[in-house]
Amino acid sequence: MSQLLVRGGQPLNGEVTIQGAKNSVLPILAATVLTGDQVVLRGCPCLRDVDASVRILQSLGCQARWEGDVLTVDTAALNRCEISDILMREMRSSAIFLGAVLARLGRADISYPGGCELGPRPIDLHLSGLRDLGADIREEGGVLHCTAARLTGRELMLSLPSVGATENLMLAACGAEGTTVISNAAREPEIVDLQDFLNACGADVSGAGSTSVTIRGGRPLHGCEFRCMPDRIVAATYLCACASAGGEIYLRGARERHLVTVADALRQAGCAVSADGEGIACRCRRRLRAIRPVRTAPYPGFPTDAQAVLMAAMLKSRGATVFEENIFENRYRHVDELTRMGAEIRVAGRVAVVTGVERLSGAAVRCTDLRGGAALCVAALAADGETRIFETAHIDRGYEDIARDLRALGADAVRDDNA
């Protein structure tokens, strides 16, 4: 079992290049199914979730190979429509394959997806949208059997701006006849990246980044070369790491426009955050101060994926900061682990109040989920002594090598795969 060893108490200083975005790459990998051709993805992060997507593609008859950070996928030989329960359970994003496989083959058989245990995350919006496009979906023994002799474009209204449902319906609509308009669509930058990829393959998609996405379907798609956007949550993590430990860092490739709410929160706390055309710089020279309440919300609101790492950065601030989690029910599972390090956090339902303490101490802690695990790393940088972080497989789902990156920023962090 792997563990991370982080020795805190020293400020950060250095530069790191931000990896490609996990939440962009995963729907793009599903979208390659629509091309029946070869796709070259540059800047692709080597992550557990990406590996799970690649294995799903291979189970469907596709081919894939890595060369550094370049992943080449060939979906010409795709000939199977079933995704095993084992593969589906590995990550939540596996549901994104449903729309693409259904559009390509007219049939898809999948079980319900897995992923971090953050509370109920039903795929009802995915299924109702696909039914509206003409799919017949029935459940039998925990397996969803989906068929569609023909998908037909139409207007779809989402009851909430679900990222996964928006992406899934975009993919299915590319294979539908006519025009599909998705209203109340999610606005995340990763959806814009998916649109850019689809259009590079010959699709006609517009409106991503707004609340209305239009897909003119029925166009034959082809392969392309595409560079994935940088991961805004990884960038947020390292900005919060600097806020926690103090110091001055530069994140090459990070885009400030994707991190407005996170950068604003850190500026409130006393950090200097600035951007140029190549990345983002962060400088923190003094103890942080409490900030206005942080309420997670769909983009462009404060991202739920950055809530835990910002909370960790505020553990030694002056005063109290209120966090309100409005996306997932179980997004405070990391709190108990942070309290082992001396943090003072009170949780009541969806609200957590962080009261800054003078001192944190290294401890043995375990990752509860992907972003909660990253938060433990951020907190460890501000703690006295060594923190041992167990069950790091969660972190590997979203960070290529968090210990390597933290060392590049001047931290004392190592990974022990022989623990």
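Each value in this text was obtained by applying a stated rule to the coordinates, not by laboratory testing. What you are looking at is a predicted structure, and each value in this text was computed from that prediction instead of being measured. A quick note on method: Cβ atoms are made from the backbone with ideal geometry, for glycine too, and the neighbour counts reach across all protein chains shown.
Here region 1-116 is described by how far its Cα atoms reach on the three principal axes: 57, 28, 21 Å, from widest to narrowest. Take 277-287, 229-239, 47-57 and order them by the average number of nearby Cβ atoms within 10 Å per residue, most first; the result is 229-239, 47-57, 277-287. Around the Cα centre of region 44-117, unit charges on the Cβ atoms of Lys, Arg, Asp and Glu (plus for the first two, minus for the last two) sum to a dipole of about 200 debye.
Given +1 at the Cβ of Lys and Arg, -1 at the Cβ of Asp and Glu and no other charges, the dipole of the chain around its Cα centre is 1060 debye to the nearest 20. Among the helices of the chain, those built from whole DSSP H runs whose Cα atoms reach 18 Å or more along their own axis and whose mean Kyte-Doolittle hydropathy is at least 0.5 are 232-245. Normalising the average separation of contacting C-alpha pairs (under 8 angstrom, six or more residues apart) by the number of residues puts the relative contact order of the chain at 21 percent. How big is the gap, in Å, between the Cα center of region 258-303 and the Cα center of region 39-103? Answer, in whole Å: 34.
If you average 1/r over all unlike Cα pairs in region 22-227 and invert the result, what Kirkwood radius do you get in angstrom?
16.4
Each other residue within a Cβ distance under 11 Å of Val143 adds +1 if Lys or Arg and -1 if Asp or Glu, for a net charge of -4. Its Cα centre serving as origin, region 22-227 has a Cβ charge dipole (Lys and Arg +1, Asp and Glu -1) of approximately 160 debye. Simple rule: put +1 on each Lys or Arg Cβ and -1 on each Asp or Glu Cβ in the chain, find the dipole, and look at Gly141, Gly253, Gly178; the Cα lying farthest toward the positive end is Gly253. For region 22-227, relative contact order (Cα pairs under 8 Å, six or more residues apart, normalised by length) works out to 21 percent.
What is the calculated FRET efficiency for Ala364 to Glu329, with r their C-beta to C-beta distance and R₀ = 30 Å, to the nearest 0.05?
According to the calculation, E is roughly 0.65.
Considering only alpha-carbon pairs that sit under 8 angstrom and 6 or more positions apart, the relative contact order computed for region 33-76 is 55 percent.
Overall shape of region 160-246 was characterised from the C-alpha gyration tensor. The equivalent ellipsoid obtained from it has semi-axes of 30, 16, 8 Å, in decreasing order.
The alpha carbons of the chain give a radius of gyration and a Dmax of 21.4, 64 Å, in that order.
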